[in-house]
Amino acid sequence: MDFKKDIIKLLKSDLKEIEIDESMLQVPPHPDMGDYSLPCFNFSKQLNKGPSEIAQDLVRKINLKQPIARVQVKGPYLNFFINKAVMAQAVTSEIAKQKAKYGRIEKKKENIMVEYPSPNTNKPLHLGHVRNMLIGDSVSDIFSFLGDKVVRANMNNDRGVHICKSMLAYKKFGKGKKPGKGEKTDHFVGDFYVKFNQEAEKNPELEKEAQEMLQRWEKGDKETVKLWKLMNTWAYEGFEETYEKLGVSFDKYYYESDYYKKGKEIVSKGLKKGIFKKDGNGAIMVELEKYGLPNKILLRADGTSVYMTSDIYLAQLKFKDYKLDKSIYVVGSEQNMHFRQLFRILEILGNKWAGRCYHLSYGMVYLPEGRMKSREGTVVDADDLIDEMVNVAEKEILKRDPKIDKKELKKRAEVIGLGALKFFMLKIDPARDMIYNPEESISFEGETGPYVQYTYARICSIMAKHGKKPNAKADFKLLTEKCEEELVRKLGDFPPAVRQAAEHYRPSVIAVYLIKLCQAFNTFYHEVPVLQAEKEVKEARLALIDAVKQVIANGLDLMGIEYVERM
Ligand code: ARG
């Protein structure tokens, strides 16, 4: 809720000697210092006085008017306090009116592409991809919520020697086998990639054979292409299942095989124009040292392209396909250098939009010592993790509600299990490495998804007991307790939290906000009665918690987390 306008109006009418506008008002770090404050340094020059003195002078001239309840001088600051009843009334009625739209802020609408998770098609998605998808999906949700046109794009790295490795292993050891019933098809593919690596340790010749296979593929050899298609189809089929389980979906798929040759053309042109150079061995490279980055080879001496080559083309393709204002890449921090180089190369090539590319980098995800080794021995499958979370949730639910109906159990376990996973991963700032702790994430206490979901369900059950819609005309003057003021304030903090999350590409801001909101609610609920309160007070409190319920829902929506009325 924004009361800046009211304050400016008041000041403009009472204080003729100063020029003042909304941007000068600040939100103080602590509620004891008021809801807004005006630093008086701004006027020192104009009035030729010290800021504290100015504050003293000004406060005497102000005639208080609603909704401003009080003005206080604190050193060089004028602190304004908004009438709490007006604030509560304004916030709750705004939420009741806006409902699922509450939290939208005024902002220029943009065309934004968010690329995630962009897997390689030789193995299934793993733990890191889960974090990737959750961040990509949540950031997309946040921008769409704010009215941007978001394209969720997924690029498949579907070619290259790593793909040929699983193909070669299949050819040698697969004996025409098909994925079994119930076997996930991307896991089937991934197992051959593991097999390749095991065999290649004993027989290094295989590496060479994979390279030869890649050359055959590049030449369009029929049999090789056929096998490639077959195995990629299996990979995609499996990926789609995982996407669906996690609740992510895409508007656009890119396939590296469609355009990797185009990257080579750009590089050759760049060489002719003198933007790129040939090194001593005949490879084409770009000099980046003057930008404080390592030089980069763009085409090997044998004419084959590297990862960077196709990324240069893809970046341009994206801007050509959609008139983008922003192009976001959700990719792990191990590729920070790659993207710094890529964006610099795009700029050197003269693309004006190069500065509108953004690498949304995220850190590594580890599991606590000794947990869940995957078949590959090093990484954890996304599917195994998701399934495990749903199972753990099921056990938790059964502990609380042993007689629960089977269908209801399944639904609730999915909501809680995935909610736990998503919230835990999203609440950590993306830039940081993290340890995903399944047990901790599913706890109903602490800073977890289930805690937030439980708070939501708790409000639902209070509302259900009440049995009526809250009264929009409740008397908010009755909400005078500190815990009530605090809850109102937290509700008003939601729109700025959404803005901050969008500006910094940080779903974690929403997660941290939700925890604070739920804590404020639970303190409130612990300290004052709701249904047992005297009629008028009860109505005001019900209207207040109904608003809390709505804001929790809005926040969880932005994180791709579902919620249920009973837990
Ligand atoms: N497939 C790559 C990997 O698994 C990530 C691709 C990211 N996107 C991009 N345009 N480079 O590491």
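Taken together, the values in this text are just the output of simple stated rules run on the coordinates, not laboratory data. Predicted model, so just to flag it, every value in this text is computed and none were measured. Don't worry about glycine lacking a Cβ; one is built from the backbone with ideal geometry, like all the others, and counts go over all protein chains shown.
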- Note on the structure: Residue separation between H338 and E439 times 0.36 nm, minus their alpha-carbon distance, gives in nm 32.8 nm
- Message: I'd like the projected area of the stretch 474-567, averaged over all directions, using the convex hull of its alpha carbons. Report it in nm² with one decimal.
- Response: 6.4
- Paramagnetic label zone (point 7 Å from Cα along Cα-to-C-beta, E207; backbone N under 20 Å) in the stretch 274-312: 300-307
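For the stretch 397-473, what is one quarter of the convex hull surface built on the Cα atoms, given in nm²? Mind showing how you got there, number by number?
On the way: hull surface 29.9 nm².
Over every viewing direction, the Cα hull of the stretch 397-473 projects on average to 7.5 nm².
Determine the alpha carbon to alpha carbon distance for each of K4/K65; K422/K490; K107/K422 and list only those over 20 Å. Spell out each step's value before the answer.
Details: K4/K65 14 Å; K422/K490 23 Å; K107/K422 27 Å.
Exceeds cut-off: K422/K490; K107/K422.
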- For the K277, Q198 Cβ pair and Förster radius 51 Å, calculated FRET efficiency rounded to 0.05 is 0.80
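With the cut-off at 21 Å, tell me which of the pairs K16/K477; K171/K222; K171/K226; K99/K411; K410/K469 have Cα atoms farther apart than that.
Values: K16/K477 33 Å; K171/K222 14 Å; K171/K226 12 Å; K99/K411 25 Å; K410/K469 30 Å.
Too far apart for the 21 Å limit: K16/K477; K99/K411; K410/K469.
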- Query: For the residues T448, T121, what sequence is obtained by ranking on other C-beta atoms within 10 Å, fewest first?
  - Reply: T448, T121
- Query: Tell me, how many Å apart are the Cα centres for the stretch 284-328 and for the stretch 181-206?
  - Reply: 31
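For I105, I163, what ranking results if the residue with the fewest other Cβ atoms within 10 Å of its Cβ goes first?
Values: I105 13, I163 27.
If I rank by nearby Cβ atoms, fewest first, I get I105, I163.
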- Query: For the residues R566, R506, R499, what sequence is obtained by ranking on other C-beta atoms within 10 Å, fewest first?
  - Reply: R566, R499, R506
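Over all alpha-carbon pairs in the stretch 1-57, figure out the percentage whose distance exceeds 12 Å.
Details: 1087 of 1596 pairs.
Here the long-distance tail beyond 12 Å is 68 percent of all Cα pairs in the stretch 1-57.
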- Note on the structure: Under the helix-only model (-39500 (n - 2.57) for each DSSP H run of 4 or more, divided by the residues of the chain), the mean residue ellipticity at 222 nm, to 500 deg cm²/dmol, is -17000 deg cm²/dmol
- Task: Take the Cα of E287, step 7 Å along the line toward its Cβ, and report every residue of the stretch 303-345 whose backbone nitrogen sits under 19 Å from that point.
- Result: 341-342, 344-345
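Assuming a ≥ b ≥ c are the square roots of the Cα gyration tensor eigenvalues, decide whether the stretch 494-538 counts as rounded (a/c under 1.5), prolate (otherwise, with a/b larger than b/c) or oblate. Walk me through the intermediate numbers first.
Values: a/c = 6.50, a/b = 2.96, b/c = 2.19.
Judged from the Cα gyration tensor, the stretch 494-538 comes out prolate (a/c at least 1.5, a/b above b/c).
How big is the dipole moment of the chain about its Cα centre under a simple scheme where the beta carbon of each Lys and Arg is +1, that of each Asp and Glu is -1, and everything else is neutral? Debye, nearest 20, please.
Numbers: 94 positive and 82 negative charges, 274 e Å.
My answer is approximately 1320 debye.
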- Once you have the Cα-Cα distance between K49 and E503, take 0.36 nm times their residue separation minus that, and quote the gain in nm to one decimal. 159.7 nm
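Between K399 and K320, what is the FRET efficiency for a Förster distance of 56 Å, r being their Cβ-Cβ separation, to the nearest 0.05? Numbers along the way, then the final one.
Details: r = 55 Å, r/R0 = 0.98.
The calculated FRET efficiency here is 0.55.
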- Compare the Cα positions of Y170, V151, G190 along the charge dipole of the stretch 145-203 (+1 at Cβ of Lys, Arg; -1 at Cβ of Asp, Glu; about the Cα centre) and return the one farthest towards the positive end. Y170
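Applying a 10 Å radius around every beta-carbon, put 327-338, 462-473 in order of their mean neighbour count, most first. Don't skip to the answer; put the middle values down first.
Working: 327-338: 18.2, 462-473: 12.8.
The most tightly packed comes first, giving 327-338, 462-473.
Please list 196-208, 250-262 highest first by mean number of surrounding beta-carbon atoms within 10 Å per residue.
Working: 196-208: 13.0, 250-262: 17.2.
Ranking, from highest mean packing down: 250-262, 196-208.
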- Which cross-chain or sequence-distant (5 or more) residues have an amide H under 5 Å from the amide H of N295, H modelled 1.01 Å from N in plane? L288, E289
- Item | Chain lengthening between E106 and K482 when straightened (0.36 nm per residue, less Cα-Cα) | 132.3 nm
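Can you give the convex hull volume per residue for the Cα atoms of the stretch 44-132, as a whole number of Å³? Can you show the working numbers first?
Working: hull volume 23.8 nm³, N = 89.
So the per-residue Cα hull volume is 268 Å³.
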- Task: Given the peptides 175-186, 35-46, arrange them by the average over their residues of other C-beta atoms within 10 Å, most packed first.
- Result: 35-46, 175-186
- Using +1 on the beta carbon of Lys and Arg, -1 on that of Asp and Glu, and nothing else charged, what's the dipole of the stretch 29-126 about the Cα centre, debye to 20? 260
- Message: Give the lysines reachable from K468 as a straight Cα distance under 17 Å; neighbours fewer than 8 places away on the same chain don't count.
- Response: K535, K538, K549
- Give me the orientation-averaged projected area of the Cα convex hull of the chain, in nm², one decimal. 33.2
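Restrict the search to the stretch 427-483; then list the GluC sites (Glu not before Pro) that DSSP places in a loop and that have at most 15 other Cβ atoms within 10 Å of their Cβ.
On the way: sites: E439, E440, E445, E447, E481; in loops: E445, E447, E481.
Hits after loop and neighbour filter: E445, E481.
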- Pull out a ≥ b ≥ c, the square roots of the eigenvalues of the alpha-carbon gyration tensor of the stretch 378-524, then state rounded if a/c is under 1.5, prolate if not and a/b is larger than b/c, and oblate in the remaining case. oblate
